[in-house]
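The values are calculated or read from the model by the stated rules, or taken from the named source; none is laboratory data. Worth saying up front: this structure is predicted, and the values here are computed from it rather than measured. Cβ coordinates were reconstructed from backbone atoms using ideal geometry, including for glycine residues, and neighbour counts include every protein chain displayed. Heads up: the accessible areas ignore ligands, DNA and RNA and are worked out on the full protein's heavy atoms, side chains in. Shrake-Rupley method; radii C 1.70, N 1.55, O 1.52, S 1.80 Å.
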Amino acid sequence: TNSIAKKINRKSPIKFIKTSDGIIISSTLSKKQYINDEAGFIAKMPNPFNKTKKVLYIAGNRYSGTRAAIIAFLKKFKELSKGNKFNPEIEAKVVEGLDLDSDGIIDHVDIKEWKN
């Protein structure tokens, strides 16, 4: 994690936290934790460096979780821009990458913490 992401992470509604088992994704909205490598998240939030701007925080557990977050951003932007199921005012979602064609590469995502 670089120093800028570390500062953003502190303010994010979905964030990385250290546990005795390693680093996991934790949602302050649902109170759920996501430990699998294919988990990622996207949060649109106030910029901690400039109060008049917002920042888009895209991250994931390992490469596959980050890939899942990027695929979600590219393919499911409309769903991501809606509020979180637990707080509709907050635009932040956890995503889970799926390998639908069993080739070992994440090619689809399931968005968590949102209403269909």
With each run of n ≥ 4 DSSP H residues scored as -39500 (n - 2.57), what mean residue ellipticity at 222 nm is computed for the chain after dividing by its residue count and rounding to the nearest 500 deg cm²/dmol? -6500 deg cm²/dmol
Percent relative contact order for the chain, counting Cα pairs under 8 Å at least six residues apart, stands at 21 percent
Can you tell me the 0 to 90 degree angle between the C-alpha axis of helix 62-75 and the longest principal axis of the chain, rounded to 10? 80 degrees
Using θ = phi - 60° and the Karplus form 6.51 cos²θ - 1.76 cosθ + 1.60, what ³J(HN,Hα) does each residue of region 94-103 get, whole Hz, x for Gly and Pro? 8, 10, 10, x, 10, 10, 6, 9, 6, 9
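Out of the trypsin sites (Lys or Arg not before Pro) in region 1-98, which ones are loop residues according to DSSP with at most 10 other C-beta atoms within 10 Å? If you can, show how the numbers build up before the last one.
Working: sites: Lys6, Lys7, Arg10, Lys11, Lys15, Lys18, Lys31, Lys32, Lys44, Lys51, Lys53, Lys54, Arg62, Arg67, Lys75, Lys76, Lys78, Lys82, Lys85, Lys93; in loops: Lys31, Lys32, Lys76, Lys82, Lys85.
Within region 1-98, the qualifying trypsin sites (Lys or Arg not before Pro) (loop, at most 10 other Cβ atoms within 10 Å) are Lys31.
Whenever you get a sec, compute what percent of the accessible area on the chain sits on carbon and sulfur atoms (1.4 Å probe).
In the chain, the share of accessible area belonging to carbon and sulfur is 52 percent.
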If you count only protein heavy atoms and use a 1.4 Å probe, how large is the accessible surface of Tyr57, to the nearest 10 Å²? 20 Å²
Mean-square fluctuation maximum in Gaussian network of the chain, Cα pairs under 10 Å, restricted to Asn36, Asn50, Asn61, hits Asn50
Under a Gaussian network model of the chain whose springs join Cα atoms within less than 10 Å, the largest fluctuation of Ser20, Ser81, Ser30 belongs to Ser20
So which residue, out of Asp99, Asp21, Asp37, gets the largest mean-square fluctuation from a GNM of the chain using Cα contacts under 10 Å as springs? Asp21
Express the relative contact order of region 30-83 as a whole percentage, based on alpha carbon pairs under 8 Å and six or more residues apart in sequence. 33 percent
Largest first and rounded to whole Å, the semi-axes √(5λ) derived from the alpha carbon gyration tensor of region 49-116 read 24, 15, 9
